[in-house]
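Quick one: the structure is below, questions incoming.
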Amino acid sequence: AGIASTDGNGIINHKDTGLVYRVFKRPDSLKKLKGKIAIGHVRYSTTGGSGIINAQPLTMRHSKGDLALVHNGNLVNTRQLKEMLECQGSIFQTLNDTEVILHLIARSFKGNIEDAIVEALAQVRGSYSVLFMTSKKLIAVRDPLGIRPLVLGEIEGEYCFASETPSLDLIGATYLREVEPGEMVVIDGN
């Protein structure tokens, strides 16, 4: 389980293995997650192992700024992409398929993060719902076939995403709509 947040000046990430209440049991673990944007993830490992290194959110610093990512789904061409990226100099830190997306974004020459995400996801095959967080934006993308669910909600004038509508109910959010297959939704100051 993990949560990454941003106050606009960088990304703070807290993650660990185990049940959610144990990961966030210590009071300071949530207090340090300051900011107006956050993404979280709870998942057993379907690719790679269940060690802390594979827990999400994954984060990186690159030419377009800080980026955090959570991914629900399975990519089927990870091995081929990983081999290609390693031949081009990428060094992988995890065993999960999600990290491939980060490397593809980092290698993009596109001018903004949205275009780099589109370029990266055009290269992956499989099912996914992905949330990206920069210091100023929350970006949600659903796979072109809509295999993995992703919904948009609203709570107290703010937007949120979840993989299931019961998650919205738990936090008191109103369901607005599904993110359409292949759609990217960008939440920013506008």
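Residue check: is Val185 hydrophobic (A, V, I, L, M, F, W, C), at negative phi, in contact with a helix residue (DSSP H, G or I) (Cβ under 8 Å, 6 or more places away or on another chain) and not in a helix (DSSP H, G or I)?
no
Next question. Quick one: is Ile3 at pLDDT 85 or above, hydrophobic (A, V, I, L, M, F, W, C) and either touching a Phe, Trp or Tyr at 6+ places or on another chain (Cβ under 7 Å) or open to solvent by 40 Å² or more (accessible area, probe 1.4 Å) (or both)?
The answer is yes for Ile3.
Further, regarding this structure: Inspect all residues belonging to segment 130-143 and state whether any of them is free of Cβ contacts under 8 Å to residues at least 12 places away in the same chain and not in a helix (DSSP H, G or I).
no
Follow-up question, since we're still on this one. Within segment 52-110, track down each residue that is open to solvent by 80 Å² or more (accessible area, probe 1.4 Å), at pLDDT 90 or above and either of a type in the set (Lys, Arg) or assigned to a strand (DSSP E or B) (or both).
Arg79, Arg107, Lys110
I'm checking my understanding of the structure. Among residues of segment 138-190 that are surrounded by fewer than 13 Cβ atoms within 10 Å (Cβ to Cβ) and closer than 19 Å to Ala68 by Cβ, which one is nearest to the chain's Cα centre (by Cα)?
Asp188
The values are calculated or read from the model by the stated rules, or taken from the named source; none is laboratory data. The shown structure was predicted, so the numbers you read here are calculated from the model rather than taken from an experiment. Neighbour counts are summed over all protein chains in view; Cβ atoms, including those assigned to glycine, are modelled from backbone coordinates with ideal geometry. Note: accessible area is taken over every heavy atom of the protein model, side chains too, but ligands, DNA and RNA are not part of it. Shrake-Rupley method; radii C 1.70, N 1.55, O 1.52, S 1.80 Å.
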